Amino acid sequence: MEKLKMNEKESLAIIAMMIQETREYIHKGVGNTQLLWGYLTVIVSLGVYFGWEYTHSQLVLWGWWVLPLIGWPTMYLMMRHQPHKVVTVIDKIIGKVWMVIGITATITPIVAFLMPSNILFIEALLISIGIAITGLILNMKVCYIPGFIGILLSFALFWVRGIDQILIFALLFTILLIIPGHIMNYMANKNQKTSLCSEN
């Protein structure tokens, strides 16, 4: 029985260590993935919004597909140039959470063609939940606070009608990804400078 308790303590200690290692691994440009998806989503959203306002053509709505067509290949190239690190179980869990969210977020617009739904609400809620979960796992306020703000604000899309929903959607992604991405890059640069000073 004593051995079992000791093993439980050791397991908890290992999990805590992995979470700490993942949190401490803040390298230069760590927020770039968030900035990529954040800025790309905002730019495409505004492009679709103003395109519709000026043309009222259904063809403008195909502009949403710029997100996966540019986002996924660009993210793949960015990941290849990131510094190598030991992948912990926590990293794998977070990766799988985002794999499920990414697949769902890609499939949802396809299903929406067959079954009309509030697509912007679903997409905003999905990303907000993913960011909140990631932040809670890592106990990082810079992630979970914007995540919960995003969850709450995504419901505003039910009260805003028509094309104006896109403006709320763009605002949400600014809060969810762009602001936290810049904060994380600032933190990474600050940590790097502190590390260089301590070595001298």
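When you count the other C-beta atoms within 10 angstrom of each residue and take the mean per peptide, 107-119, 145-157 line up highest first as 145-157, 107-119. Annotation: per residue accessible area for the stretch 108-158 equals 49 Å², rounded to a whole number [probe 1.4 Å, protein chains only]. Peptides 176-187, 45-56 ranked from most to least packed, by the mean per-residue count of other Cβ atoms within 10 Å: 176-187, 45-56.
The values are calculated or read from the model by the stated rules, or taken from the named source; none is laboratory data. Predicted, not measured: the structure shown is a model, and the values here were computed from it. With ideal geometry, Cβ positions are generated from the backbone for all residues, glycine too; neighbour counts draw on all protein chains shown. We work out accessible area using only protein heavy atoms, side chains counted, and drop any ligands, DNA or RNA first. Shrake-Rupley method; radii C 1.70, N 1.55, O 1.52, S 1.80 Å.
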